[in-house]
There are 2 protein chains.
Amino acid sequence: MSKGINLKELSRQLGLSQTTVSRALNGYPEVSAETRKRVAEMADSLGYAPNSQARRLATGRSMAIGHVIPRSIHEMMNPIFLEFIAGAGETYSDHGYDMIISVIEDDKEEEAYRQIASRKKADGVIIHGPVNNEKRHKLLKELGLPFVVHGRIPGAEAETSWIDLKNQRAFERATNLLLDLGHTRIALLNGLEHMDFAYRRRAGFEAALSERGLLADPALMRSADMTEPFGCDNALEMLGYSDPPTAFLVSSMISAIGVARAVGQAGLKTGRDISIITHDDALSFLPNSGEVPIFTCTRSSVRYAGQKAADLLLDLIANPAKGPTSLHMDAELIIGQSTGPAQV
Amino acid sequence: MSKGINLKELSRQLGLSQTTVSRALNGYPEVSAETRKRVAEMADSLGYAPNSQARRLATGRSMAIGHVIPRSIHEMMNPIFLEFIAGAGETYSDHGYDMIISVIEDDKEEEAYRQIASRKKADGVIIHGPVNNEKRHKLLKELGLPFVVHGRIPGAEAETSWIDLKNQRAFERATNLLLDLGHTRIALLNGLEHMDFAYRRRAGFEAALSERGLLADPALMRSADMTEPFGCDNALEMLGYSDPPTAFLVSSMISAIGVARAVGQAGLKTGRDISIITHDDALSFLPNSGEVPIFTCTRSSVRYAGQKAADLLLDLIANPAKGPTSLHMDAELIIGQSTGPAQV
DNA sequence: CCTTTGATCCAAACCGCTTTGAATATTGGA
DNA sequence: TCCAATATTCAAAGCGGTTTGGATCAAAGG
């Protein structure tokens, strides 16, 4: 017990050198089986645990992964971000890595990365929410800091490691489903379109429409932070049009809930009068499962993405020679209660 | 630029000793103003930044705060947890501290704390979601690890530092408001009642009722993870009773949204036929503000709580001698669109 | 003119672990 | 029996900072 024993003291008690004890504990081969056992026993009878700072200093590896998150950013991806983090965190702790999160002023993002690199705070980082004209990857390359992108950086797909959902494909399929059901006035309530994922979703939406000779109506497309009121307010407004939409394609469950509320307020019924398809990140506190989910959705677990991103990054750190890898995931298109044929 | 310069090299370039350079950079008085300036300039022209591992080893302080979060726990406090974290993170980075988060198996919680202490991974930790028969604080005291509780530990209020909302008071006031509006059949959709906050909210609810000579009806009280379906399913069931509730008191916006959905599904109107009061943690992606908020609520910013908890903890670390402090916050009772007089 | 004092600056020890380069003990082959 | 080869173990040198205990030197006091 006491106030924590260190290597020197432990080896003194054992009558061995620090070298041998260290090697014994770290599984090096040049230690006899008997000695190793004796060391191990004494170590945990005395409750020895190596000081992580010292070890880090000696090895030069910080055994930590950094997540830099500007204060404003997380407002718009709040719950999704946490779920991702939770997934990544599981992987980290399975591999003995720490996760360090820096919540910083928006204009200090670059500085934060520089600090992580120069002060050796982390062995790698994850880039969250890549935008259209992304540049963080350049900075990180310059700094020599390994990284994995959650999402992908347009134009740098080949030279970076990333994990992304097939956003365009998912929304194209969802739009097609609505078209098949006879909907032609379809509204798109999207995330901020300077973010790559939202940009791609819109592209998928428009592609599906134009394939059938339809044109996306700008009056039916909105893009903003994906809050509940964003869904409700815009849906209410659109439902008031003389030529209202009969279906909504929404980028987030939270906003979709808002849309459903608007539909109710307008005296209509979701799934009968108005169809809704939403993207579902499989957030644990917003389950949309069950035999027949509440919302028809394109679903992909963001927590799983977090786990995989962490895997990729740890692998990258362990094998720096290996080139960039990426994971391109499909979303499932799942039929729920919120869609039905267009009313005539 | 290059690959990072260290103290030794920096002092060599300056023709000074490491001691002096270190002191100059850390603001010690025994350095002439001129030298200090020269050092500072050279330092940032060469892009010098102290290696954090080395500094931590030398000072014995890890300059990090730990948050241990069992995998299952975060399922139930997911978004609230993130908001708290975000608040705390702001404070940490303002003070040069790192935030390290450990997502671990439920049965490894104790081990995680022990590791943080023995390997000196963090200078302090935050206890999340205290439960009825809490024991983490005992472990932490034994380990000598400073901590602050988000919430409070029944029976240990005087001997621990904590920050908590007046949960009982808030729900008592909310219940009183409903009673004043003429509601007598009030349902309580609460969080898991082995958690201290939920236990207290229920106590407040029951106290208000009994003060008016009413008894809480067990058929109208539910307790579970605060998901959206939890709100919807239970509300639907209760609204089907022969003697249904006319008002709902809900522990979370997410569940309240579910209740509102149920009300709509039952063909009723929230705020007219059915009143809802919810607790509102002021989550950024679920704004309930505006001139007249959607939901009548008891509101308290959990992000603010995070900031304050971090303040408390950093203060505790800086002044170990000072006894425990705590912050007991009031929730605002805010009138929104979801309440109205009971229908007769 | 000599000692005090205060302002600066420095050499070296230390934080606790890993790792290099040798030394020592054993074992096997000639 | 003697020497090379192999298996174990160790002393000491880092890793990159902070901090203790003096040195050094110029200005001040007697």
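The values are calculated or read from the model by the stated rules, or taken from the named source; none is laboratory data. A quick note: this is a predicted structure, and the numbers were derived from the prediction, not measured. So basically every Cβ, Gly included, is an ideal-geometry build from the backbone, and we count neighbours across all protein chains shown.
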Give region A:20-68 a look and list any residue that's under 31 Å from the mean Cα position of the chain (by Cα) and in a helix (DSSP H, G or I), or say none. A:Ser52, A:Gln53, A:Arg55, A:Arg56, A:Leu57, A:Thr59
Mind checking which residues of region B:13-30 are surrounded by 14 or more Cβ atoms within 10 Å (Cβ to Cβ), near DNA strand C (Cβ under 10 Å from one of its atoms) and more than 19 Å from B:Thr59 (Cβ to Cβ)? B:Leu14, B:Leu16
Region B:259-272, residues that are small (Gly, Ala, Ser) and either in contact with a strand residue (DSSP E or B) (Cβ under 7 Å, 6 or more places away or on another chain) or facing chain A (nearest Cβ under 9 Å) (or both): B:Ala260, B:Gly264
Residues of region A:278-309 being among the aromatic types (Phe, Trp, Tyr), part of a loop (DSSP other than H, G, I, E, B) and more than 12 Å from chain B (Cβ to nearest Cβ), which ones? none
Residues B:Glu90, B:Glu83: which one is within 9 Å of chain A (Cβ to nearest Cβ) and buried (at least 24 other Cβ atoms within 10 Å of the Cβ)? B:Glu83
Count of residues meeting criterion [more than 9 Å from DNA strand D (Cβ to nearest atom) and either modelled with pLDDT of 95 or more or facing chain A (nearest Cβ under 9 Å) (or both)] in region B:44-58: 1
Residue check for B:Leu313: under 24 Å from the mean Cα position of the chain (by Cα), surrounded by fewer than 23 Cβ atoms within 10 Å (Cβ to Cβ) and in contact (Cβ under 8 Å) with a residue 60 or more places away in the chain: no
Options B:Arg36, B:Arg61: the member that is touching a helix residue (DSSP H, G or I) at 6+ places or on another chain (Cβ under 9 Å), within 16 Å of DNA strand D (Cβ to nearest atom) and at the interface with another protein chain (Cβ under 10 Å from one of its Cβ atoms): B:Arg61
Among the candidates A:Ala117, A:Ala122, which residue alone is farther than 17 Å from B:Lys121 by Cβ, within 16 Å of DNA strand D (Cβ to nearest atom) and either small (Gly, Ala, Ser) or outside any helix (DSSP H, G or I) (or both)? A:Ala117
Does A:Ser275 satisfy being away from chain B (no Cβ under 13 Å), of a type in the set (S, T, N, Q), out of contact with any Lys or Arg (no Cβ under 7 Å at 6 or more places or on another chain) and buried (at least 24 other Cβ atoms within 10 Å of the Cβ)? yes
Checked against (1) closer than 30 Å to A:Leu220 by Cα; (2) outside any helix (DSSP H, G or I); (3) in contact (Cβ under 8 Å) with a residue 40 or more places away in the chain, A:Pro320 satisfies every condition except (1)
Return a yes/no flag: does region A:45-62 have any residue that is within 23 Å of A:Gly306 (Cβ to Cβ) and surrounded by fewer than 23 Cβ atoms within 10 Å (Cβ to Cβ). yes
If the requirement is being farther than 30 Å from A:Thr227 by Cβ, in contact with a Gly (Cβ under 8 Å, 6 or more places away or on another chain), away from DNA strand C (no atom under 11 Å from the Cβ) and of a type in the set (S, T, N, Q), which of these qualifies: A:Ser62, A:Ser45, A:Ser118? A:Ser118
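Quick grid of which residues meet (1) under 13 Å from the mean Cα position of the chain (by Cα); (2) among the basic types (Lys, Arg); (3) within 17 Å of B:Cys232 (Cβ to Cβ); (4) modelled with pLDDT of 95 or more:
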{"residue": "B:Val259", "(1), (2), (3), (4)": "no, no, yes, yes"}
{"residue": "B:Gln265", "(1), (2), (3), (4)": "no, no, yes, no"}
{"residue": "B:Ile276", "(1), (2), (3), (4)": "no, no, yes, yes"}
{"residue": "B:Phe285", "(1), (2), (3), (4)": "no, no, no, no"}
{"residue": "B:Ser289", "(1), (2), (3), (4)": "no, no, no, no"}
{"residue": "B:Gly323", "(1), (2), (3), (4)": "no, no, no, no"}
Quick one: which of A:Asp107, A:Asp98 is more than 8 Å from every other protein chain (Cβ to nearest Cβ) and either over 18 Å from A:Ser301 (Cβ atoms) or buried (at least 21 other Cβ atoms within 10 Å of the Cβ) (or both)? A:Asp107
Quick check: is even one residue across region A:69-79 in contact (Cβ under 8 Å) with a residue 12 or more places away in the chain, away from DNA strand D (no atom under 16 Å from the Cβ) and either over 24 Å from A:Ile254 (Cα atoms) or in a strand (DSSP E or B) (or both)? yes
Kindly list the number of the only condition in (1) modelled with pLDDT under 95; (2) in contact with a strand residue (DSSP E or B) (Cβ under 9 Å, 6 or more places away or on another chain); (3) surrounded by fewer than 24 Cβ atoms within 10 Å (Cβ to Cβ) that fails for B:Lys141. (1)
Only residues that are out of contact with any Lys or Arg (no Cβ under 7 Å at 6 or more places or on another chain) and within 7 Å of DNA strand D (Cβ to nearest atom): list them for region A:16-32, please. A:Leu16, A:Ser17, A:Thr19, A:Thr20, A:Arg23, A:Ser32
